[in-house]
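Please read the structure below before turning to the comments.
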Amino acid sequence: MLDLALEGKVGIVTGAAGGLGSPIAKVLADQGVAVILVGRRKDVLEEAAKRIGKKSVVHTCDVRSEDSIAELFSQIEKRHGPPDILINCAGINVRKPVTDLSLADWQGVLDTNLTAPFLLSKAAVPGMVKRGFGRIVNIASIFSFVTWERRAAYSASKGGLLQFTKTLALELARTGVTVNTVCPGVFRTPMNEQLLRDPIHQDFLRSIPMGRLGEPEELAGLVAYLCAPQAAYVTGAAFVMDGGWMAR
């Protein structure tokens with residue numbers, strides 16, 4: 001295994017029990033990072049912690065709430081020290097036509113996918129700047145660049161996350177803190193495997209040039225590299241991992 005020189009770092013992974021968040025947390029833990037698994041449900045986080053191992057700790061938090069995030073950071077700094085790494089992986093989707101999309105639907109997606117990374121980054125950045133090292137990786141989507149029907153809220157949130165990442169990267173470019181985006185296509189997660197059983201999505205699967213779904217561990221490897229000292233000159237970048245789909 002490539003040594004990414006991350007031993008002793010402290011990292012936060014939101015959406016840590018999910019199909020992408022859990023493998024990301026596992027790779028970071030394997031590299032020696034003390035990983036804070038963040039989500040709203042303690043039971044599923046604890047199950048993820050069992051898979052990830054001793055380098056992981058569970059913290060429940062509503063990432064849409066500034067007060068909840070402040071409490072999260074207070075607890076982390078008391079127990080582990082200030083975080084060096086922030087992975088914003090929590091995300092939701094509501095698939096409805098615009099005319100059927102309620103304001104609550106819209107706000108729910110934007111709050112989780114865009115406002116939460118803003119609030120978490122705001123909380124993490126001052127300490128990172130003070131220490132001269134920090135890594136923020138935002139998990140966006142190919143829908144940061146393209147869209148489909150019934151994806152208005154999701155695509156708006158992921159497009160916004162891409163631009164937020166670039167802005168923050170520019171603001172922090174001379175501080176030792178890097179900010180990047182990883183934009184996955186369709187990966188083999190429980191949610192996607194269930195969705196792709198619908199015949200309407202089979203054409204999309206066939207349109208992937210590599211002819212397969214991405215494996216979460218492939219995404220996790222890239223995220224871990226972006227957290228490493230070796231990636232110090234990479235900031236404001238958007239890495240698309242989609243099996244060649246957007247290259248067509």
Report yes if VAL58 is within 26 Å of PRO184 (Cα to Cα), aliphatic (A, V, I, L, M), assigned to a strand (DSSP E or B) and touching a Cys at 6+ places or on another chain (Cβ under 8 Å), otherwise no. no
For the range 172-201, how many residues meet the condition of being over 20 Å from PHE239 (Cα atoms) and either part of a helix (DSSP H, G or I) or basic (Lys, Arg) (or both)? 11
Residues satisfying the stated conditions in the range 6-19, i.e. under 8 Å from the mean Cα position of the chain (by Cα) and among the aliphatic types (A, V, I, L, M): VAL13
Could you say whether any residue in the range 123-130 is among the basic types (Lys, Arg) and under 16 Å from the mean Cα position of the chain (by Cα)? no
Residue that is closer than 24 Å to ASN113 by Cα, of a type in the set (Phe, Trp, Tyr) and either modelled with pLDDT under 95 or part of a loop (DSSP other than H, G, I, E, B) (or both), where the choices are PHE204, PHE239: PHE204
Does any residue in the range 109-133 that is crowded, with 17+ Cβ neighbours inside 10 Å come within less than 6 Å, Cβ to Cβ, of a residue that is among the charged types (D, E, K, R) and part of a helix (DSSP H, G or I) six or more places away or on a different chain, and which pairs are these? LEU119/GLU66
Regarding ARG206, is this residue out of contact with any helix residue (DSSP H, G or I) (no Cβ under 9 Å at 6 or more places or on another chain) and either under 28 Å from GLY134 (Cβ atoms) or of a type in the set (Ser, Thr, Tyr) (or both)? no
Of the residues that sit in the range 20-50 and are over 11 Å from the mean Cα position of the chain (by Cα) and within 20 Å of LEU114 (Cβ to Cβ), which one is modelled with the lowest pLDDT? ARG40
Give the residue that is farthest from THR165 (Cα to Cα), with candidates limited to residues of the range 180-201 that are aliphatic (A, V, I, L, M) and at pLDDT 75 or above. VAL186
Exactly one of GLU149, GLU217 is in a helix (DSSP H, G or I) and among the acidic types (Asp, Glu), and that residue is GLU217
Could you list, in sequence order, all residues of the range 159-212 that are surrounded by 14 or more Cβ atoms within 10 Å (Cβ to Cβ) and among the basic types (Lys, Arg)? LYS166, ARG188
Yes or no: VAL98 out of contact with any strand residue (DSSP E or B) (no Cβ under 7 Å at 6 or more places or on another chain) and either farther than 19 Å from CYS183 by Cα or surrounded by 20 or more Cβ atoms within 10 Å (Cβ to Cβ) (or both)? yes
Report, by residue number, each residue of the range 23-65 that is of a type in the set (Asp, Glu) and buried (at least 16 other Cβ atoms within 10 Å of the Cβ). ASP30, ASP62
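The values are calculated or read from the model by the stated rules, or taken from the named source; none is laboratory data. Remember, predicted model here, so these are calculated numbers, not experimental data. Please note: Cβ atoms are built from the backbone with ideal geometry, for glycine as well, and neighbour counts cover all protein chains shown.
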